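Beneath this line is the structure, given in structure tokens, with notes to follow.
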Amino acid sequence: MTFKGVFIDDTVEAAQYAELLSTPGKNGISIEYKQVTRATELVDWIFGNKIDLVLLDFRLDENPDALDPQHSYLGSGLAQLLRDKAINQPNLDFPIVLVSAENKFEKYYYPDSTAHDLFDRTYGKEFAIENTQAISNQLLDICIGYKLIKTNWNIDSSRFSLFSLENNEREIIENQEIRLGLSNAGAPHLVASFIFRNLIDRPGILFSDEDIAARLGVKDIEPVVSFLKKKGVLYNGVFSAGWRRWWAHRFNLMAEEVFGRRPTTMSGEERANIINDKMGALVKPAESRWNKSSREKFAFACACCSFPTEIRHSVSAFDPNTPRFAQRKRICWDCVQTDKNLLKKLEVDDIDKIIASQVKHKNRDEKEPE
């Protein structure tokens with residue numbers, strides 16, 4: 001089927017993004033541009049036309065010719081009205097995606113205080129131009145995912161089928177936090193938000209490519225992707241077409257088989273040599289962002305730069321909403337010393353504030369114990 005999308009903005013220049021992000025064809029998205037009007041009018045129009053995807057600019061209040069300033073509003077205001085109405089009409093629920101100029105995005109948009117859980121995804125307009133194909137694929141996958149969620153909406157137990165796990169593996173996702181998160185969701189967009197926030201975007205039950213690279217101790221996983229797929233590690237549940245993810249429990253079993261022990265007890269150099277020998281691949285070992293060494297015991301992807309990172313050259317990130325099944329975020333020393341974590345709005349946890357302060361003035365060339 002062809003999904004119907006709409007891009008709402010207060011300037012006609014936004015029409016180019018509607019055309020750019022459309023995926024023509026029988027199984028694509030046709031996105032039209034619609035200039036901002038009064039919020040209640042837009043809400044009625046969107047639901048009346050059974051729109052499958054809504055794209056919004058965050059600042060819908062900057063063009064006085066488009067709307068009387070007395071009736072202006074932000075994208076988050078319109079999104080809230082749409083979400084409220086979807087609670088009562090879950091069969092008509094749809095994804096809402098923020099697409100805004102990156103300078104405005106950084107200045108005005110704070111997910112935890114200005115628009116919590118209103119948007120499924122957020123993209124800068126400049127980024128959208130540079131990554132059109134990838135974002136178009138993600139938008140299509142979100143629409144497909146919403147359709148799947150709504151198909152399983154009236155049966156709580158069916159929501160677990162969204163993850164395409166074998167029956168003997170269901171305990172992986174049927175823990176209390178996930179069970180209640182899915183069953184208590186009052187609308188499909190809340191299910192989607194829960195899955196994105198706790199599974200797709202947070203390492204724990206699923207791993208990203210960067211998480212896998214860190215655990216394998218390599219720079220790039222592409223040489224071993226076919227091997228991982230043969231071992232059944234690839235996640236193929238809801239939202240997997242737009243976001244490649246890997247089952248953590250299957251990866252851990254595979255890693256024990258390949259390395260003979262937990263891979264994080266070995267250096268990146270050691271792991272790369274074993275991978276090249278046993279998987280028939282040609283991988284390069286990861287290098288520490290702090291000292292450029294491949295002899296570090298890489299354990300996770302930095303929450304800021306996403307590069308493979310070792311425990312001893314990292315600090316804990318303040319992350320108050322970490323579920324019990326998820327991995328706590330850590331920030332590499334390189335990002336701390338260069339303040340990259342602040343640009344990503346990642347705070348160092350108080351338990352490591354002293355270490356972070358010392359790292360700010362630390363000499364990287366200083367000899368360290370192996």
hull vol. (C-alpha, convex hull) per residue for segment 187-255, Å³ -> 82
Under Stokes-Einstein, the chain at 25 °C and 0.890 mPa s, with its Kirkwood radius over C-alpha pairs, diffuses with a coefficient in µm²/s of 109
Share (percent) of C-alpha pair distances in segment 168-299 greater than 23 Å works out to 38
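Apply the Kirkwood formula to segment 296-370: the hydrodynamic radius equals the inverse of the mean of 1/r over all pairs of different alpha-carbon atoms; give it in Å with one decimal. Could you put the intermediate results ahead of the total?
Details: mean 1/r = 0.0786 Å⁻¹.
Roughly 12.7 Å, rounded to one decimal.
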Calculated from DSSP helices alone, with each H run of at least 4 adding -39500 (n - 2.57) and the total divided by the residues of the chain, [θ]222 nm to the nearest 500 comes to -10000 deg cm²/dmol
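Give me the one-decimal Kirkwood hydrodynamic radius in Å for segment 259-310, with the sum taken over alpha-carbon pairs.
Taking the inverse mean of 1/r over all distinct Cα pairs, segment 259-310 comes out at 11.3 Å.
Over the chain, with every protein chain in place, what whole percent of the accessible area is carbon and sulfur at 1.4 Å, could you tell me? Provide the component values of the computation, followed by the final result.
Details: 8760 of 17960 Å².
For the chain, the apolar C and S fraction of the accessible surface comes to 49 percent.
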per DSSP, antiparallel bridges as share of beta bridges in the chain, % nearest 5, sits at 40
For the chain the mean separation of alpha carbon contacts under 8 Å (6+ apart) over residue count, i.e. relative contact order in percent, is 11
Expressed in square angstrom to the nearest 10, the accessible area of Glu366 with a 1.4 Å probe stands at 100
Measuring from the longest principal axis of the C-alpha atoms of the chain, the long axis of helix 248-259 (C-alpha) lies at a number of degrees, nearest 10, equal to 20
Segment 216-267 -> Rg/Rh from Cα coords, Kirkwood Rh, value 0.98
A student asked for the Cα radius of gyration and Dmax of segment 144-239 in angstrom ought to give 14.7, 44
With all protein chains in place and a 1.4 Å probe, Lys344 shows an accessible area in Å² (nearest 10) of 120
Comparing Asp350, Asp57, Asp117 in a Gaussian network model of the chain (Cα, 10 Å), the one with the largest mean-square fluctuation is Asp350
Among chymotrypsin sites (Phe, Trp or Tyr not before Pro) in segment 217-257, those in a DSSP loop whose Cβ has at most 11 other Cβ atoms within 10 Å are none
From highest to lowest solvent-accessible area (probe 1.4 Å; ligands, DNA and RNA excluded), Thr151, Thr309, Thr11 read Thr151, Thr11, Thr309
Relative to the chain, whose Cα atoms define the longest principal axis, helix 39-48 and its Cα axis are tilted in degrees, nearest 10, by 80
When every protein chain stays in place and a 1.4 Å probe is rolled, Tyr146, Tyr73 sorted by accessible area with the largest first are Tyr73, Tyr146
For Lys345, the accessible surface traced by a 1.4 Å probe with all protein chains present amounts, in square angstrom to the nearest 10, to 100
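The values are calculated or read from the model by the stated rules, or taken from the named source; none is laboratory data. None of these values were measured; they are calculated from a predicted model. All Cβ positions, glycine included, derive from the backbone under ideal geometry; neighbour counts span all protein chains shown. Accessible surface areas use protein heavy atoms only, side chains included; no ligands, DNA or RNA. Shrake-Rupley method; radii C 1.70, N 1.55, O 1.52, S 1.80 Å.
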